[in-house]
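The values are calculated or read from the model by the stated rules, or taken from the named source; none is laboratory data. For clarity, every value in this text was computed on a predicted model and none was experimentally measured. Here the Cβ positions follow ideal geometry from the backbone for every residue, glycine too, while neighbour counts run over all protein chains shown.
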Amino acid sequence: MTDGYSRGPQFPLVPAHKEIRMNYSSPNDTRYPVPAVLSGVVAGVVVAAGLLLTPIAALGAWVVPTIAGLIGATVGSSIKFADQWEKAVVLRLGKYRGLRGPGLFFVIPIVDRITYHIDQRLRTTDFGAESCLTKDTVPVNVDAIAFWIVYDAERAALEVQHYYQAVVLAAQTALRDAIGKHDLAELIQSRKELGYNLQQTLDKKMHDWGIQVQSVEIRDVIIPKALEEAMSRQAQAERERQARILLATAETQISQKFVEAAKSYRDNPVALNLRAMNMLYESIVKRGSLMVVPSGLADSLNVPNLLGLTGAGANLTASLQDQGEGTSADAAEG
């Protein structure tokens, strides 16, 4: 660790908080398969047995083991292998000789050197842009992921140094540039379009490197906490405004219907009386209690006449009952 930076194998200094992950095979000449080791051992034993039958054995006890060991190591180191998804880049005395693999292949020890084992599978690389300003000067942190593949291992090995790091840095630069060209609302609502534009930009840039970017996806857009709370209050106020507008619109429509009903009742008093009686009936039925009716409404319903008829009927019933009681008394006396 040096001044907040860490150094990966064969990579320049990278920020420690955003260290680039290495997921490809670095230059390595020590990947020996079991057959290579066995072949070296067998070759060494055979050479040692042959030398014991020659006058060379008389030169010293150390001569035969030394020669057998060198030949066995040479035979063993000439056998290499690459996995099914890999291509091995072979240089001969510093010059490119070609790609080898997958499977077993042979090289000339000391003369040939394997510089890279390049993985040709589909890869996923996560990258991000921290504290970038949008077009409307809002600081945001954006996380994204890129899906890419090495379709030409020769170009990836010869045209660019540390192609994996180049992919990550190019993706971060393109993402920062895209953030500066869009508003915050566009970043949040148009993630697919932003990812597609990034994919086109990166694929065009990396085509000469033998790398194809298949897609880029925006995973998250993080805004400051204070701005998030302000946006929440703004959204709440907007919803309240819409609710008030809907309520006012409903009141306006209801008042218009009342005006139309009033015009209809003005030309038809009977309909107005029926409506008033219906309202009075519904109120009494629902509440089940005594209701005080304004005099104006009672006059419109002719309530006094109704009450007069009701009183006359009651008096008539009482007189009939009195007459019946007098007749009964006279019959008893007789």
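Here are some notes:
- When residue 218 is tested against (1) outside any helix (DSSP H, G or I); (2) over 23 Å from residue 139 (Cβ atoms); (3) of a type outside the set (Gly, Ala, Ser), only condition (2) is not met.
- Note on region 169-213: among residues that are of a type in the set (Asp, Glu) and part of a helix (DSSP H, G or I), the one that is farthest from the chain's Cα centre (by Cα) is 208.
- Among (1) in a loop (DSSP other than H, G, I, E, B); (2) in contact (Cβ under 8 Å) with a residue 60 or more places away in the chain, the one test that residue 141 misses: (1)
- Selection from region 147-168 of residues that are more than 11 Å from residue 206 (Cβ to Cβ) and in contact (Cβ under 8 Å) with a residue 40 or more places away in the chain: 147, 153, 154, 157, 158, 162, 164, 165, 168
- Test: residue 117 is surrounded by 15 or more Cβ atoms within 10 Å (Cβ to Cβ) and either at positive phi or among the charged types (D, E, K, R) (or both): no
- Members of region 107-139 found to be more than 21 Å from residue 171 (Cβ to Cβ) and among the β-branched types (Val, Ile, Thr), listed by number: 107, 108, 110, 111, 114, 115, 137, 138
- Just one of the listed residues (111, 75, 90) is in contact with a helix residue (DSSP H, G or I) (Cβ under 9 Å, 6 or more places away or on another chain) and not hydroxyl-bearing (Ser, Thr, Tyr), namely 75.
- Filtered residues of region 54-70 (kept if surrounded by 18 or more Cβ atoms within 10 Å (Cβ to Cβ) and modelled with pLDDT of 80 or more): 68
- Odd one out for residue 126, checked against (1) under 27 Å from residue 187 (Cα atoms); (2) part of a loop (DSSP other than H, G, I, E, B); (3) of a type in the set (D, E, K, R): (2)
- Test result for residue 168, hydrophobic (A, V, I, L, M, F, W, C) and over 14 Å from residue 212 (Cβ atoms): yes
- Being modelled with pLDDT under 75 and aliphatic (A, V, I, L, M) is a property that residue 235 lacks.
- When 161, 172 are checked against the criterion of being surrounded by fewer than 20 Cβ atoms within 10 Å (Cβ to Cβ), in the same structural domain as residue 211 (by TED's automatic domain parsing), in contact with a Phe, Trp or Tyr (Cβ under 7 Å, 6 or more places away or on another chain) and closer than 26 Å to residue 120 by Cα, a single residue qualifies: 172.
- Candidates are the residues of region 83-108 that are at negative phi and modelled with pLDDT under 85; the one that is surrounded by the most Cβ atoms within 10 Å (Cβ to Cβ) is 83.
- Residues located in region 130-163, provided they are aromatic (Phe, Trp, Tyr) and within 30 Å of residue 186 (Cα to Cα): 147, 148
- Filtering region 182-228 to residues that are among the aliphatic types (A, V, I, L, M) and within 27 Å of residue 119 (Cβ to Cβ) leaves 198, 202, 206, 211, 213, 216, 218.
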